[in-house]
Each structure stands twice: as C-alpha cells, then as structure tokens.
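Q: One structure is given below, represented as structure tokens, and several questions about it will come after.
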Amino acid sequence: QVQLVESGGGLVQAGDSLRPSCAASGGTLSIYHVGWFRQAPGKEREFVASINRGGDSTYYADSVKGRFTISRDDAKNTVYLRMGSLKPEDTAVYYCAANRFIVLTGKSSVRYWGQGAQVTVSS
C-alpha cells in the first residue's frame, strides 16, 4: 500500500508561483495514476489535475488550465504541481491522490490520499 506525503505548500501573494510535491513510499510510484485535489474552507474537495502512469497524458480542471502543470519523476517517486499566476481563490488544502488502475478524474476514482498541504494566496 502506497503512502503519500505532500510538502511545499505555503503563503504567497497573488501572481506568485509555488511548486508543492508529493513523495510516495511503500510502493513504486510508476505503477500508479496520480493527481492533485484541493479543498477550500466550507467547500467540497475538487479535482485539480492528474497524470497517467506513463506520464504522457495530463488532465486539468478548467479553473487551473494554463496556470498549473502536473508532472512526475518516477525515479524519485515524486509528483509535482507547478502552480503559476496564483489567485486568492486558489487558497485551499491541496491533496495528493493515487490509484493503480484508473486515471484520476474525480474523488470517486481515488484509492489513496495524502494528508494535505495548505496553500494560501493573499491579495
């Protein structure tokens, strides 16, 4: 069973960039489809981005398309989320997620969750 640990969250200003990462242990990341979700206070957890096992297909929520980039380094067992042109509405806890058998597109497709990393964007 894979364990996922996020790091690299923080407090930034609007327009800044941030690149949180997700380190996997207890399993080989290369066999998992992985992705990122986020949950803002008082809101449902929502899909942000995902990348397939081979790393040749990526998927994004409309709200982050063109600003965020998901990538993976299987040699380091790590997934990254490059976040650019950050907005106050991007403020949320960001969760790493994984599933061995299906590409992540929504909460129901997730088998494993990380503990989350706070990202706060000030205006």
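The values are calculated or read from the model by the stated rules, or taken from the named source; none is laboratory data. Predicted, not measured: the structure shown is a model, and the values here were computed from it. Note: ideal-geometry Cβ built from the backbone for every residue, glycine included; neighbour counts use all protein chains shown. We work out accessible area using only protein heavy atoms, side chains counted, and drop any ligands, DNA or RNA first. Shrake-Rupley method; radii C 1.70, N 1.55, O 1.52, S 1.80 Å.
Q: For Gln118, list long-range residues whose amide hydrogen, built 1.01 Å from N in the peptide plane, is under 5 Å from its own amide hydrogen.
A: Tyr94
Q: Treat each spin label as a single point 7 Å out from the Cα along the C-beta direction, and report the Ser57 to Arg82 distance in nm.
A: Each label point lies 7 Å from its Cα, and together they span 2.2 nm.
Q: Which aspartates and glutamates have a Cα less than 16 Å from the Cα of Lys87, not counting those fewer than 8 places away in the same chain?
A: The reachable aspartates and glutamates, counting only those whose Cα sits under 16 Å from Lys87, are Asp16, Asp62.
Q: Whenever you get a sec, compute what percent of the accessible area on the chain sits on carbon and sulfur atoms (1.4 Å probe).
A: 46 percent
Q: Under 4 °C and 1.567 mPa s, how fast does the stretch 5-123 diffuse according to Stokes-Einstein, given a Kirkwood radius computed over C-alpha pairs? Answer in µm²/s, whole number. Walk me through the numbers before you get to the answer.
A: On the way: Rh = 14.0 Å.
Reported coefficient: 93 µm²/s.
Q: Let me ask something additional. What translational diffusion coefficient, in µm²/s and rounded to a whole number, does the Stokes-Einstein relation yield for the stretch 12-57 at 10 °C and a viscosity of 1.306 mPa s, taking the hydrodynamic radius as the Kirkwood radius over Cα pairs? Present the calculation step by step, with values, prior to reporting the outcome.
A: Details: Rh = 13.1 Å.
It comes out at roughly 122 µm²/s.
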